Amino acid sequence: MKKIRLVGLLLAIIYTSFCHAQKQIITLGSGVETGVYYPTGGGICRIVNKLKRKPKIRCILEATNGSVSNIARVLNHSLDVGIAQSNWIYKSYHQEQQNDSKITSAGADQGAELRTLLMLYPEYFTVIVPKSSDVYSFDDIKGKRVSIGTPGSSLRATMNDLLEKKGWHYQDFMQVLSLDATDQASALCQGRIDVMIYIVGHPSGMAREATDDCDSRLVSVRGAAVDQLLIENSYYRRAMIPGAIYRGNIKSVATFGVSASLFASTALSEQTAYSLVKVIMEQLNEFRGLHPAFARLDPEQMVKGPFAAPLHKGALRYFKEVGLIEDN
């Protein structure tokens, strides 16, 4: 009887080990449930989890506080994969410290372990004002009531970068607030701020709220300061917010932005990274239909550098295999 139990126990151990070898569970950090990162992560997990082929990957989605939190948790191995803005990945990889951010707590000393899996969609530096406003370009916001984002936010870091290039200071505005991005549309419509500024993928629910509820318009952001910012920082890119996606805003609007990127660390195995990227890219048509921000995803743009952190070996292997990156 004891021998039978031992044999049964041995078989159970072998079976468990076999199942574990066949299934790789990854945790994916997204963002707050009202943002675009959460449905992005949900879409990735949905596509990954429905496929039956081996090696089987199971994706578990976690709502998080976004970029900085995801970087910190990937580096301390409480998440396997995360979504973050390219500027935060870059700064952490290059171990740059921001005085008013939590990037130092994101494991800056470990930042060199970060790896890019693929670039997702652009996130635009977005300026919105009431239709009756006398603001027609970014230069016109001087002397207005603005929100520059909460401490540690991507908006705050980007605003600081841009203001430095323009030679402006917070004192150049009538009032500077630190509203959360989700509060800005209501603040604009209620007249508590003159200018709504944030960084987001489009179409955006917050931009739609501002344009629908109080007849607002988008403002272009360009000029010598923006040109210099892009020259000096490879994680910023020129961008056009498409026209006709918001009521009363027919024309496309020039601005700049960052890229929402799927990333991991060197702790993620090459095979798992390869399998994850392969699943996403092979189901890209389905992924595009999961959210309006994904509609324009282009495989060639998703692997077009420069990258905020180097490509993961597994991702690089897949992209070379399908000819998206040349095998030199």
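Let me spell out the model: positive unit charges on the Cβ of Lys and Arg, negative unit charges on the Cβ of Asp and Glu, origin at the Cα centre of segment 129-244. What dipole size does that give, in debye rounded to 20?
Numbers: 13 positive and 15 negative charges, 34 e Å.
Its charge dipole is roughly 160 debye.
Å³ per residue of the Cα convex hull, for the chain?
Cα-based convex hull of the chain, divided per residue, equals 156 Å³.
In whole Å, what three semi-axes, largest first, describe the equivalent ellipsoid of segment 180-328 built from its Cα gyration tensor (square root of 5 times each eigenvalue)? Let's see the in-between values first.
Numbers: eigenvalues 235, 66, 42 Å².
In descending order the semi-axes read 34, 18, 15 Å.
Asn76 versus Lys131, label points 7 Å from Cα toward the beta carbon: distance in nm?
About 4.9 nm separates the two model spin labels.
For the chain, with a Gaussian network of springs between Cα atoms less than 10 Å apart, report the residue from Ser69, Ser234, Ser147 with the top mean-square fluctuation.
Ser234
Suppose we keep just the DSSP beta bridges with both residues in segment 112-223; what percent of those would be antiparallel, to 5? Before the final figure, lay out each step's value.
Working: 9 of 14 bridges.
So the antiparallel bridges amount to about 65 percent of the total.
Of Val129, Gln175, Met119, which is farthest towards the positive pole of the chain's charge dipole, taken about the Cα centre with +1 and -1 on the beta-carbons of Lys, Arg and Asp, Glu respectively?
So the residue we want is Met119.
Antiparallel versus total DSSP beta bridges in the chain: what percent is that, nearest 5? Don't skip to the answer; put the middle values down first.
Numbers: 27 of 42 bridges.
The antiparallel proportion sits near 65 percent.
Holding the Cα-Cα limit at 31 Å, pick out from Lys131/Lys165; Lys131/Lys304; Lys142/Lys251; Lys166/Lys251 the pairs that are longer than that. Don't jump to the answer; show the numbers that get you there.
On the way: Lys131/Lys165 28 Å; Lys131/Lys304 37 Å; Lys142/Lys251 24 Å; Lys166/Lys251 26 Å.
Where the Cα-Cα span goes over 31 Å, the pairs concerned are Lys131/Lys304.
Can you give the longest run of the chain that contains no GluC sites (Glu not before Pro) sitting in a DSSP loop with at most 12 other Cβ atoms inside 10 Å?
On the way: sites that count: Glu33, Glu326.
Counting at most 12 other Cβ atoms within 10 Å as exposed, the longest clean stretch of the chain is 34-325.
In Å, the Kirkwood hydrodynamic radius of segment 123-258 over pairs of distinct alpha carbons?
The Cα-based Kirkwood calculation yields 14.7 Å.
Find out how many positive minus negative residues lie around Arg208, taking Lys and Arg as positive, Asp and Glu as negative, among other residues whose Cβ is under 14 Å from that of Arg208. Numbers along the way, then the final one.
Values: positive: Arg217, Arg247; negative: Glu209, Asp212, Asp213, Asp215.
That sum, taken over residues with Cβ under 14 Å, equals -2.
How many nm is it between the label spots at Gln271 and Thr34, if each spot is 7 Å from the Cα in line with the beta carbon?
4.4 nm
Laboratory data are not the source of any read-out in this text; all were calculated from the coordinates shown. Note that the structure is a prediction, hence the values are computed from the model and not measured. Here the Cβ is made from the backbone with ideal geometry for all residues, glycine too, and neighbour counts use every protein chain on show.
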